[in-house]
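Here is the structure we will look at.
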Amino acid sequence: MTTTPDAGDDLLSILDELDELIATSRSMPMSASAIVNRDEALDLIDRARQAVPDTVHRAEDIVAGADSVVADGRAESDRLIARAQEEADRLVSNEAVVRAAHERADRIVAAAEDKAARLRAGADQYSDRSLEGLEKELAKIAEQVRRGREALAPRLAEAGDAAEEETEAGSGSTASSTARPAQPSPDLQRRFPGWSVDPAGQQD
């Protein structure tokens, strides 16, 4: 089942829902496994998959904003340099004015680049945390599924053996019906000890 994520869907909030679903699932007796609602789990996983691109887009938007900050800083520095150059020319190439403008422009660019670097680092950390959380939740679900299948395997094997025994017993019942009373299958005998059928077809 595929569900379009709500506008407010956030990868971390989806992971919180997935964690709550597992935590509140009914535990299997004498086992660390739990019975998880398959449809709900698959729905949350699908929503998480759809939320991953949104998370990446947000990070890209942050990086784009950081680049814009750098571009604005460079544009401002260019304006300052041009203005200073004009002023210096007006004051007969006043070297001190030009040098001060260059220094101020350098400071503006350095500050803008520092801010952009911090924004990029924050975006990368946010994406990494979100993807790490998704990886852990998916691993947890895979482990729950594996344990559940291991717990069911003995019962499935027992059911298969019982069906085979019933088939073998049924194939020989016609030939032996006149010689001895019909008997219930081995599976029924295990479930209801002492139960049998007399030759007239009446149950004991």
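Table for the structure above
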read-out	value
Net charge, Ser33 excluded, C-beta distance under 13 Å - Lys, Arg +1, Asp, Glu -1	+3
Contour excess over end-to-end distance, with Cα ends at Glu103 and Glu166 and 0.36 nm allotted per residue	13.3 nm
Pairwise label distance in nanometres, Ala34 with Ala111, each label 7 Å out on the Cα-Cβ vector	5.1
Relative exposure of Leu80, Leu44, Leu11, judged by other C-beta atoms within 10 Å (fewest first)	Leu80, Leu44, Leu11
Environment charge of Gly73, counting only residues whose C-beta is closer than 9 Å and scoring Lys/Arg +1, Asp/Glu -1	-1
Segment 7-164: radius of gyration and largest Cα-Cα distance (Dmax), Å	29.3, 107
Amide H partners (placed H, <5 Å) of Ala34, local residues excluded	Met28
Label point distance in nm, Ser25-Tyr126, each placed 7 Å from Cα along Cα→Cβ	3.1
Surrounding net charge for Leu156, when Lys and Arg each add one and Asp and Glu each subtract one, Cβ distance under 12 Å	-1
Spread of Cα-to-Cα distances over 5 Å intervals beginning at zero, given as percent, for segment 45-111	4, 17, 16, 13, 10, 8, 7, 6, 6, 5, 4, 3, 2, 1, 0
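Values quoted throughout were computed directly from the atomic coordinates according to the rules given, and no laboratory measurement underlies them. Treat the numbers as computed from the prediction; the structure is a model and nothing was measured. Heads up, the Cβs are rebuilt from the backbone with ideal geometry, glycines too, and the neighbour counts pull from every protein chain shown.
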